[in-house]
Every structure is written in structure tokens, then in C-alpha cells.
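Participant: Structure incoming, see below.
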Amino acid sequence: MSAEAKKSAPIVIYCNGEDCLRSAKASKMAVGWGFTKVNYYRDGFPAWKKAGYPIE
């Protein structure tokens, strides 16, 4: 089952590492779609997971 984030909910967008720029582009698109709390994590998913941040 998938869920859709509310546009006022905080979201985090990240890629597979620092060298991936797709998440930066996706963040810009999300703001354009009306999301108001967009966070871009530049270090990517491996660093996110290593830091112990939630993944679900």
C-alpha cells in the first residue's frame, strides 16, 4: 500500500550519494508542485541510513 504525502507534511528527498543530482531536481519539482516543507539531504541514502535516520 502506498501513501501520498500531504503538501504541508515535511518530506526528505535524497539520492544514492553526493554525486547524484536527481534529488536536487526532485526537490525543486516538489516545491513547484506546492510542497511547503521540502528537505534535501545531499549526502544520499547510504549516509542517511548510517546516521540512523528513519527509512520507512
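Participant: Can you pull out every residue in the range 5-35 that is aliphatic (A, V, I, L, M) and assigned to a loop (DSSP other than H, G, I, E, B)?
Facilitator: Correct list: Ala5, Ala9, Leu21.
Participant: Identify all residues within the range 1-19 that are loosely packed, with under 14 Cβ neighbours inside 10 Å and under 13 Å from Pro46 (Cβ atoms); write none if there are none.
Facilitator: Passing the criteria: Asn16, Gly17, Glu18, Asp19.
Participant: Within the range 21-35, how many residues turn out to be touching a residue at least 24 places away in the same chain (Cβ under 8 Å) and either touching a helix residue (DSSP H, G or I) at 6+ places or on another chain (Cβ under 9 Å) or surrounded by 14 or more Cβ atoms within 10 Å (Cβ to Cβ) (or both)?
Facilitator: Residues in the range 21-35 being touching a residue at least 24 places away in the same chain (Cβ under 8 Å) and either touching a helix residue (DSSP H, G or I) at 6+ places or on another chain (Cβ under 9 Å) or surrounded by 14 or more Cβ atoms within 10 Å (Cβ to Cβ) (or both): 1 in total.
Participant: Can you tell me how many residues within the range 36-56 are part of a helix (DSSP H, G or I) and either touching a Leu at 6+ places or on another chain (Cβ under 9 Å) or loosely packed, with under 14 Cβ neighbours inside 10 Å (or both)?
Facilitator: 3
Bear in mind these aren't lab numbers, they're just calculated from the coordinates by the rules spelled out. All figures in this text were calculated on a predicted structure; none of them were measured in a lab. Backbone-built Cβ (ideal geometry, glycine too); neighbour counts: all protein chains shown.
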